[in-house]
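Have a look at the structure below, then the notes.
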Amino acid sequence: MVEIRYTRLDGFEVFASYGDGYMKRVAVLTSGGDAPGMNAAIRSVVRTGLAYGWEVYGVEHGYRGCMSGQFRPMTARDVGGIIQLGGTILGSARAPAFETEEGRREALREFAQAGIEALIVIGGNGSQQGSQALSEMGFPVVGIASTIDNDLYGSEITLGVDTALNIALEAVDRLKVTASSHQRAFLVEVMGRDSGYLALMTGIAGGAEAILIPEVDFEPAEIAQELREAYQRGKAHGLVVVAEGAKYNAQAMVDYFRENHEDLGFGLRATILGHVQRGGMPGAFDRNLATRFGAKATEAIHKGDFGVLVGLTKGAITTTPLSEVTSNVKQLDAGLIELAKTLAM
Ligand code: ATP
């Protein structure tokens, strides 16, 4: 059992104890960039929460809705027919005000007024920083690891990655077909401001000649040389997968090649996939992962296991303290970076 105490904005001291099975009203929100599978996670949270006998509330527009009291009760029917939908029926938002203590106090006041006793946060790195900040103020929070960037410590694979990866891969496969017909090199830019995971795995699965990610330093002249050599080896196409946060993004690479009159052998084209990667219908892997994550999150709340992130570790659904999640940086597998280079021969 966990006992918490915090002071509301109006000065009222709130004291409550959790984990003894009496939880009555729990809220769920989606925050940060949307990821395929968020709806399946909402559905799972609502239905497993209802099975515990709770009232489950949806918070609209992430932390912004917490601060403005945008809560709505969710029934089992409200989450019918959404398991296959991309995006999030609750809406998501960036809410900088929540990064301040005043903003979070505002949210605590709204929770107290609405009788909300615990919160489940479906989101990525920034969102779980918010979960941890709220948890440190004494409010019961459980996070669900969800971001297409896969840059969240505490989950080997986050919700949405698998679907986003398959969408990027389909685009790459199609581009390779046309590239081969015209002996072209394609620069394909995928999402990933700080993490190269999506680019790395798309590149390996798509058979890229080069993969450019924020974690690895490179010069465009080296990439030009690699493409020239690939052309001379008789390759029908050259594929370079670029993470948006790489030292040079796809457009910067094109500009560099043009300004420096680099003769690659191949003709050059660039495609930026952008938000296309987010909007897809979640695949079977993400729907099932979301369902298991949602069930684990409500179980954690039921048991009074607060301040944790639900994630996937070695095939099992696990919880990791949010303090650990937010103080560690997930590393890319260096072996995979080397493997990608070997396979590009
Ligand atoms: P993705 O990486 O998939 O886009 P994310 O969850 O990392 O998702 P962010 O935009 O980084 O997305 O964060 C979402 C929201 O989380 C922010 O708008 C803000 O409200 C909250 N947040 C971020 N960092 C903090 C922090 N340090 N403290 C409190 N709240 C935070």
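Points to keep in mind about this one:
- Any hit, region 125-134, residues being more than 10 Å from the ligand (Cβ to nearest atom) and either in the same structural domain as LEU312 (by TED's automatic domain parsing) or within 13 Å of SER31 (Cβ to Cβ) (or both): no
- The set of residues from region 32-60 being open to solvent by 10 Å² or more (accessible area, probe 1.4 Å) and under 16 Å from SER127 (Cα atoms) comprises GLY32, GLY33, ASP34, GLU60.
- Within region 274-290, the set of residues being part of a loop (DSSP other than H, G, I, E, B) and open to solvent by less than 40 Å² (accessible area, probe 1.4 Å) comprises ARG278, GLY280, PRO282, GLY283.
Okay, residues lined up against (1) under 21 Å from GLU215 (Cα atoms); (2) away from the ligand (no atom under 13 Å from the Cβ):
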position: GLY138; (1), (2): no, yes
position: THR147; (1), (2): yes, no
position: LEU159; (1), (2): no, no
position: LEU165; (1), (2): yes, yes
position: ALA168; (1), (2): yes, yes
position: ARG174; (1), (2): no, yes
position: SER181; (1), (2): no, yes
position: PHE186; (1), (2): no, yes
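- Looking only at residues of region 98-118 that are closer than 29 Å to ILE157 by Cα and within 13 Å of the ligand (Cβ to nearest atom), we find that the one that is surrounded by the most Cβ atoms within 10 Å (Cβ to Cβ) is PHE98.
- Pair list, Cβ under 9 Å, 6 or more apart: region 128-155 residue more than 15 Å from LEU312 (Cβ to Cβ) and of a type in the set (Asp, Glu), other residue more than 10 Å from the ligand (Cβ to nearest atom) and part of a loop (DSSP other than H, G, I, E, B): GLU136/GLY307
- Restricting region 214-241 to residues that are out of contact with any strand residue (DSSP E or B) (no Cβ under 7 Å at 6 or more places or on another chain) and of a type in the set (Gly, Ala, Ser), the residue that is surrounded by the fewest Cβ atoms within 10 Å (Cβ to Cβ): GLY234
- Count of region 18-33 residues which are modelled with pLDDT of 95 or more and either in a loop (DSSP other than H, G, I, E, B) or not assigned by TED's automatic domain parsing to the domain that holds GLU299 (or both): 1
The values are calculated or read from the model by the stated rules, or taken from the named source; none is laboratory data. Bear in mind the structure is a predicted one, so any value in this text is a computation, not a measurement. Note: ideal-geometry Cβ built from the backbone for every residue, glycine included; neighbour counts use all protein chains shown. In case anyone asks, the SASA skips ligands and DNA or RNA and just uses the protein heavy atoms, side chains included. Shrake-Rupley method; radii C 1.70, N 1.55, O 1.52, S 1.80 Å.
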